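What follows is a single structure, written as structure tokens, with notes after it.
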Amino acid sequence: MLLAETKPLVVLVGPTAVGKTETSLLLAERLNAEIVSADSRLFYRGMDIGAAKPTPAERARVPHHLIDVADPDQVWSLALFQQAAIEAIAGIHARQRLPLLVGGTGQYVRAITDGWSPPPAAPDPRLRAALEAWAGQVTPQGLHDRLRRIDPAAAALIDPSNVRRTVRAFEVIFSTGHLFSQQRQRGPSPYRVLLLGLTRPRQELYARVDARIQAMLEAGFVDEVRGLLARGYSPQLPAMSAIGYQQIAAALRGELTLDEAVVLIKRLTRQFVRRQANWFKPGDAAIHWFTAQDGVAVEMEAFIRRWLVE
């Protein structure tokens with residue numbers, strides 16, 4: 001396929017468990033595309049089952065980028081992701097193939113599609129350490145509650161369990177004296193972007209979430225977390241803040257029963273699904289929404305082909 005001179009970028013977004021992985025594989029196979037992951041859970045090696053990472057067989061079907069790029073004790077910031085994603089997309093364009101950005105982590109998708117620049121405040125290790133200690137005193141939820149009172153727009157887009165992101169928001173606020181939500185700089189996108197959304201009825205999506213969590217447990221999720229802890233990875237690491245890992249770690253320490261951990265994982269995942277809607281709103285005219293059902297990849301393919309020749 002000859003790509004337009006305007007450097008096209010197709011983006012597939014949608015909530016957790018909606019079916020993005022299989023749809024993206026089918027699209028990539030049909031369109032001579034390569035997949036760039038915009039899911040922050042997929043960066044880390046050894047975190048496979050709980051992150052619902054594409055299997056080796058799935059990744060063999062289509063080239064994938066930005067999966068397994070760091071160890072769990074390394075931090076992949078938004079700025080680092082943005083740089084790596086831009087480089088991956090440039091490589092795909094150079095190979096005369098179509099880049100397909102896929103993910104449910106809103107700030108990572110928007111950083112690429114909207115040409116974001118990170119907030120100008122440089123990291124302050126001493127302030128960050130103080131904020132992390134504060135989080136330890138008031139709990140991650142307590143810290144997030146305080147952010148919501150100061151900067152509700154920023155809090156609405158940050159998972160309360162993601163202490164690193166909450167701390168960074170406070171760090172920028174205290175360093176600059178301005179709200180974190182007001183400091184995200186937007187520039188022109190270097191791409192001609194097509195945003196596609198995949199959706200399902202909410203109750204159907206919740207049922208798929210529950211089924212996925214059960215499948216993770218049957219696939220050895222508890223052993224995966226046990227192995228990470230045995231290799232010295234703390235459950236307090238930013239990578240381990242992904243839903244499921246801290247809860248299973250708490251069960252392994254005897255702080256929760258496994259059943260209690262599973263109930264909590266399901267509840268937190270449903271909350272996460274609702275939060276994802278803050279990034280990808282059903283009423284957003286820039287997103288072309290498709291209902292996940294048999295044949296949806298064929299519908300999307302036809303839509304993309306028409307867009308490419310416009």
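Every number in this text was worked out from the coordinates using simple rules, so none of it is lab data. Just so it is clear, the model here is predicted, and its values are computed rather than measured. Cβ coordinates were reconstructed from backbone atoms using ideal geometry, including for glycine residues, and neighbour counts include every protein chain displayed.
Less than 10 Å Cβ to Cβ from Gly220, Lys/Arg counted +1 and Asp/Glu -1: what total charge do the surrounding residues give?
-3
Rounded to 0.05, the FRET efficiency of the Ile86 and Glu58 pair, given R0 = 22 Å and the Cβ-Cβ distance, is 0.35. Secondary structure note: in the chain, about 10% of the DSSP beta bridges are antiparallel. Note on Arg95/Glu310: beta-carbon distance plugged into 1/(1 + (r/R0)^6) with R0 of 22 Å gives a FRET efficiency of 0.45.
The candidate values are (i) 21.8; (ii) 19.1; (iii) 20.3; the one derived from this structure for Kirkwood radius over Cα pairs in Å carries the label (iii).
A simple spin-label model places the labels of Val138 and Ser189 3.6 nm from each other, with each point 7 Å out along Cα-to-Cβ.
Exposed loop trypsin sites (Lys or Arg not before Pro) only (DSSP loop, at most 15 other Cβ atoms within 10 Å): please give the longest stretch of the chain free of them, not including the sites.
Excluding the exposed sites themselves, the longest stretch runs over 96-230.
The distance between label points at Ser77 and Arg149 comes to 2.9 nm (points 7 Å beyond Cα on the Cα→Cβ vector).
For a footprinting-style exposure proxy, rank Ile150, Ile112, Ile49 by other Cβ within 10 Å, fewest first. Intermediate results must be reported in sequence, preceding the final value.
On the way: Ile150 13, Ile112 24, Ile49 19.
By the 10 Å Cβ count, ascending, the order reads Ile150, Ile49, Ile112.
I want the local charge near Phe170. Using Cβ-Cβ distances under 14 Å, sum +1 for each Lys or Arg and -1 for each Asp or Glu among the other residues.
Value of the local net charge: +3.
With the simple spin-label model, which puts each label point 7 Å out from Cα in the Cβ direction, the Leu258 to Arg226 separation comes to 0.9 nm.
Sorted from greatest to least, the principal axis extents spanned by the alpha carbons of region 125-183 come out as 27, 22, 15 Å. Loop-located GluC sites (Glu not before Pro) in region 1-90 (DSSP state not H, G, I, E or B) with no more than 14 neighbouring Cβ atoms inside 10 Å: Glu5. Other residues with beta-carbon under 12 Å from the beta-carbon of Leu229 carry, at +1 per Lys or Arg and -1 per Asp or Glu, a net charge of +1. Ordered by the count of other Cβ atoms within 10 Å of each Cβ, fewest first, Thr166, Thr21, Thr139 give Thr139, Thr21, Thr166. Put in order of Cβ neighbour count within 10 Å, fewest first, the listed residues Val309, Val69, Val273 become Val309, Val69, Val273.
Here the gap between Ala215 and Lys7, fully extended at 0.36 nm per residue and compared with their Cα-Cα distance, gives a gain of 71.0 nm. The residue list Ala215, Ala249, His93 was ranked by how far each Cα lies along the charge dipole of the chain toward its positive end, using unit charges on Cβ atoms, and His93 comes out on top. Across the chain, the mean sequence separation of Cα contacts (distance under 8 Å, 6 or more residues apart), normalised by length, yields a relative contact order of 27 percent.
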